[in-house]
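Asker: First the structure, which I've put down as C-alpha cells, then a few questions once you've had a look.
The values are calculated or read from the model by the stated rules, or taken from the named source; none is laboratory data. The structure presented is a predicted model; accordingly, all values stated were derived computationally and were not measured. As a convention, Cβ positions derive from the backbone with ideal geometry for all residues, glycine included, and neighbour counts pool all protein chains shown.
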Amino acid sequence: MTDGPPVELRGALVRLRPVARADVPVLRGFLDEPAVGRWWPPPPVGEDFPFDEPDRVVLAVEADGAVAGLVQFAEEFEPDYRHASIDLFLGTAFHGRGLGPDVLRTVVRHLVVDRGHHRITIDPAVANERAVAAYRRVGFRDVGVLREHELDHATGTWRDGLLMDLLARDLGLTPGPVRRG
C-alpha cells in the first residue's frame, strides 16, 4: 500500500485530488457514456466504487473547476520488479482537449520524481485507438499485445489489450528516492 494519496497534483490543464463521495455520481455517470463505458467495466450496483481497491491511489481529475474524470495508479514494491501502473477515464465532454495527456504527464512525473519509479505501464484495449494515440503522444511505447486480456462487457467476448510502458529516462527524468508505503 502507498503512503496515501497526494493532497493534490497540478498539471498544465488539470488538478488531481482525492475522490470525494460527492464525486461518485458524476464519475458513475461518465461510465454510462458509450464512449467511456465501452472501455471500462461498469461497477456493480452497491459496490463502493471507486473506494473499493485499497491497493490503488484514486484521484479525481478536475478541469476548469469541474470533475472531468478519474485517474488511478498502483505501485509494485518488489525491488526486482518495481514499477507503477496507471488507468484513467475522462467524461466525453472533456475528450479532445489535451486533458488525458496532461493527466498522464502529471501522474508520471509524480510516480518518477516523488515515488521513485523508473518504469510506468498502462494497458488500454488495442481497439481503443484514441487512448493509444494519447499514450503514445506522452511517450509510452508498445511492449506487446495481451491476447484476450479483458472482458468486453457489451459483447461478452474477450478483447486484446496493448501493454505499453514509459521509462523515466525516455523523458529525461531521474527517479527520486524510492518510497515504500
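Asker: Considering only the range 94-139, state which residues are of a type in the set (A, V, I, L, M) and free of Cβ contacts under 8 Å to residues at least 24 places away in the same chain.
Answerer: Residue satisfying the conditions is 133 alone.
Asker: Checking residue 93 against (1) hydrophobic (A, V, I, L, M, F, W, C); (2) part of a strand (DSSP E or B); (3) within 24 Å of residue 34 (Cα to Cα): exactly one of these is not met. Which one?
Answerer: All conditions are met except number (2).
Asker: Then there's this: Of all residues in the range 145-181, which are hydrophobic (A, V, I, L, M, F, W, C) and either more than 19 Å from the chain's Cα centre (by Cα) or part of a strand (DSSP E or B) (or both)?
Answerer: Selection gives 145, 146, 151, 154, 158, 162, 163, 164, 166, 167, 173, 178.
Asker: Sticking with this structure for a sec: Just to check your reading of the model, which residue among 22, 35 is out of contact with any Lys or Arg (no Cβ under 6 Å at 6 or more places or on another chain), at pLDDT 90 or above, exposed (fewer than 12 other Cβ atoms within 10 Å of the Cβ) and not in a strand (DSSP E or B)?
Answerer: 22
Asker: Quick one: what pairs do we get from the range 157-181, first residue closer than 30 Å to residue 147 by Cα, second among the aromatic types (Phe, Trp, Tyr) and surrounded by 15 or more Cβ atoms within 10 Å (Cβ to Cβ), C-beta under 6 Å, 6+ apart or different chains?
Answerer: Every condition considered, the pairs that remain are 164/135; 164/140; 166/140.
Asker: Under the condition of being surrounded by fewer than 13 Cβ atoms within 10 Å (Cβ to Cβ) and in contact (Cβ under 8 Å) with a residue 24 or more places away in the chain, which residue from the range 140-151 is farthest from residue 98 (Cα to Cα)?
Answerer: 151
Asker: Can you report the number of residues in the range 1-19 which are at pLDDT below 90 and closer than 16 Å to residue 70 by Cβ? Can you show your working first?
Answerer: Of the range 1-19, the ones at pLDDT below 90 are 1-7.
Then keep just the ones that are closer than 16 Å to residue 70 by Cβ; that gives 5-6.
Of the residues in that region, 2 qualify.
Asker: Quick check: anything in the range 71-87 among the hydroxyl-bearing types (Ser, Thr, Tyr) and either in a strand (DSSP E or B) or touching a residue at least 60 places away in the same chain (Cβ under 8 Å) (or both)?
Answerer: Yes, some residue in the range 71-87 is among the hydroxyl-bearing types (Ser, Thr, Tyr) and either in a strand (DSSP E or B) or touching a residue at least 60 places away in the same chain (Cβ under 8 Å) (or both).
Asker: Within the range 153-169, restricting attention to residues that are of a type outside the set (A, V, I, L, M, F, W, C) and surrounded by 15 or more Cβ atoms within 10 Å (Cβ to Cβ), which residue is nearest to residue 114 (Cα to Cα)?
Answerer: Residue satisfying both the conditions and the ranking: 165.
Asker: Checking the structure you have, find out if any residue of the range 98-111 is over 27 Å from residue 62 (Cα atoms) and surrounded by 14 or more Cβ atoms within 10 Å (Cβ to Cβ). Break it down into steps so the answer makes sense when it comes.
Answerer: Step one: list which residues in the range 98-111 are over 27 Å from residue 62 (Cα atoms), which gives none.
Among the residues of the range 98-111, not one is over 27 Å from residue 62 (Cα atoms) and surrounded by 14 or more Cβ atoms within 10 Å (Cβ to Cβ), which makes the answer no.
Asker: From the residues in the range 122-144 that are assigned to a strand (DSSP E or B) and not β-branched (Val, Ile, Thr), which one is nearest to the chain's Cα centre (by Cα)?
Answerer: Taking the candidates together, the pick is 125.
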